[in-house]
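Read through the structure below, which is laid out as structure tokens, and then see the notes.
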Amino acid sequence: MPKLSITDLSLKDKKVLMRVDFNVPMDAEGIITDDTRIRATLPSIKYVLDHGGSLILMSHLGRPDGKYYSKLSLRPCANRLSQLLGRNVIFAPDCVRADIGEVVKTFRPGHIMLLENLRFHRAEEFPDEDKTFAEKLSKYGDVYVNDAFGTAHRSHSSTTSVAKYFPGKAAAGFLLEKEIKFLGDTLKKPKRPFCAIVGGSKISSKCGVIEALLKKADIVMIGGGMAYTFFKAQGFPIGNSIHEDEFIEIAKELIQSSGNGRGRLMLPSDIVVAKEIKVGAPMQVVKAGGAIPDGFEGVDIGPETVKAFSDALRSAATVFWNGPLGVFEIPAFAKGTNEIAHMLAKLSATTIVGGGDLLAAVQAAGIADKLTHLSTGGGATLEYIEYGTLPGIEALSDKS
């Protein structure tokens, strides 16, 4: 059933309670280093303001586990949003303090407030422990909008519980709708050939999506740290490389299921290995089927793999990519990720890229604007592909 859209709501003179995802990276001084997620919510925010509404925004930042940490305050996000909008954004020092409600009562069209980090309260992540938390949040708004795809896979107070207080008035924002369009509609019936690239460090968090993609894609390319669990499953020595022994049997099953009427699993044919994960560490290229030398660990896909992946991608009509292919934070180990990113930028295919680390990598590569869609979700992106929906989406009102 299609969900209610922000465009279906009457917003004039209404207070809009909106869940956004301002979980952005910051440096030690509290300076935002990548404001992609804040910018991604601007269409919904501006739509509300342009249609005579006022806004109460709520988000989380990091994992404070129900305690206050000044370094995880959302104040820098309020300041950045104010700069982007060119208008004052009120910052609330808490999210459910009684005096905040009194301020909200005075709101007029055009007013906008960002509440302090929701996860400073344990009830955000554990709604059943204090059901009054969601109720207190709900009292700020006349209508509810969820534009935080990155947290839509969590059954939290601000994503599922609060929506129950807005029957017929809980809607999806433009960002959430865009994610559903690209991850749902586009990947449900992708133009072929459909190639998927899955990287990142752990197979444990992605075995489900790899299984789902093998049913949908023509080729599933594997890179990043998870590749070494696959190598160990094949009996290849992996030196000191990251791996998960408890997922070796699952890796074997995925390898064995490759082809046989499903997508073809494509593992790296060569890898870059290094003595240490640090700048200037001794490094070399080895064949994937050979032995990684003792004391070395895999840090990137090798040049043969870059060529093989690139050759396969050239004919693709649809590409989905989640997770970097190496330790991209160190320039010497980022070559594989960067070269594949630049390869995608040249394609005429529909290119969908997701995951926080990978978003940072493509931004650093300077090709983000050449990709079709940047998914703001990490785990949410993967779970949506695996299950076809998310709790935060299901909680919204059905479109009549």
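Computed values, structure above
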item: Tabulated pairs, the stretch 260-272, first in a strand (DSSP E or B), second of a type in the set (Asp, Glu), C-beta under 9 angstrom, 6+ apart or interchain; result: ARG264/ASP218; ASP270/GLU304; ILE271/ASP300; VAL272/ASP300
item: For GLU211: the one exception among (1) surrounded by fewer than 18 Cβ atoms within 10 Å (Cβ to Cβ); (2) under 17 Å from the mean Cα position of the chain (by Cα); result: (2)
item: Residues being touching a residue at least 24 places away in the same chain (Cβ under 8 Å) and outside any helix (DSSP H, G or I) - total across the stretch 127-151; result: 11
item: Residues located in the stretch 289-308, provided they are in contact with an Asp or Glu (Cβ under 7 Å, 6 or more places away or on another chain), surrounded by 22 or more Cβ atoms within 10 Å (Cβ to Cβ) and free of Cβ contacts under 8 Å to residues at least 60 places away in the same chain; result: GLY302, VAL306
item: All positions within the stretch 103-121 that are assigned to a loop (DSSP other than H, G, I, E, B) and over 14 Å from VAL20 (Cβ atoms); result: THR106, PHE107, ARG108, PRO109, GLY110, HIS111, HIS121
item: Test: residue in the stretch 213-231 that is in the same structural domain as GLY336 (by TED's automatic domain parsing), touching a helix residue (DSSP H, G or I) at 6+ places or on another chain (Cβ under 6 Å), more than 20 Å from ASP311 (Cβ to Cβ) and at pLDDT 90 or above; result: yes
item: Residue match in the stretch 334-349 (condition: under 18 Å from LEU187 (Cβ atoms), touching a residue at least 60 places away in the same chain (Cβ under 8 Å) and of a type in the set (Val, Ile, Thr)); result: no
item: Only one of SER54, SER73, SER5 that is within 24 Å of the chain's Cα centre (by Cα) and within 21 Å of LEU118 (Cβ to Cβ); result: SER73
item: Sole exception among (1) more than 22 Å from GLU329 (Cβ to Cβ); (2) among the hydroxyl-bearing types (Ser, Thr, Tyr); (3) surrounded by fewer than 22 Cβ atoms within 10 Å (Cβ to Cβ) for THR41, by number; result: (3)
item: ALA341 farther than 22 Å from SER205 by Cα, over 26 Å from the mean Cα position of the chain (by Cα), buried (at least 16 other Cβ atoms within 10 Å of the Cβ) and not aromatic (Phe, Trp, Tyr); result: no
item: Given (1) within 24 Å of PHE174 (Cα to Cα); (2) surrounded by 15 or more Cβ atoms within 10 Å (Cβ to Cβ), number of the condition ALA92 does not satisfy; result: (1)
item: Strands (runs of 3 or more DSSP E) within the stretch 282-400 that include 3 or more residues in the same structural domain as ILE238 (by TED's automatic domain parsing) and touching a Leu at 6+ places or on another chain (Cβ under 9 Å); result: 318-322, 350-354, 373-375
item: Residues of the stretch 18-57 that turn out to be aliphatic (A, V, I, L, M) and farther than 23 Å from GLY86 by Cβ, as a count; result: 1
item: Qualifying positions in the stretch 41-65 - among the small types (Gly, Ala, Ser) and modelled with pLDDT under 95; result: GLY62
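Let's see how each residue does on (1) of a type in the set (Val, Ile, Thr); (2) out of contact with any strand residue (DSSP E or B) (no Cβ under 8 Å at 6 or more places or on another chain); (3) crowded, with 19+ Cβ neighbours inside 10 Å:
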| residue | (1), (2), (3) |
| --- | --- |
| GLY199 | no, no, yes |
| VAL220 | yes, no, yes |
| ALA227 | no, no, yes |
| GLN234 | no, yes, no |
| GLU253 | no, yes, no |
| GLN256 | no, yes, no |
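Each row is one residue, and each column tells you yes or no for (1) touching a strand residue (DSSP E or B) at 6+ places or on another chain (Cβ under 6 Å); (2) among the aromatic types (Phe, Trp, Tyr).
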residue: SER310; (1), (2): no, no
residue: ARG314; (1), (2): no, no
residue: LEU325; (1), (2): yes, no
residue: GLU339; (1), (2): no, no
residue: MET343; (1), (2): no, no
residue: THR351; (1), (2): yes, no
residue: TYR387; (1), (2): no, yes
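The values are calculated or read from the model by the stated rules, or taken from the named source; none is laboratory data. Computed from a predicted structure; not experimentally measured. With ideal geometry, Cβ positions are generated from the backbone for all residues, glycine too; neighbour counts draw on all protein chains shown.
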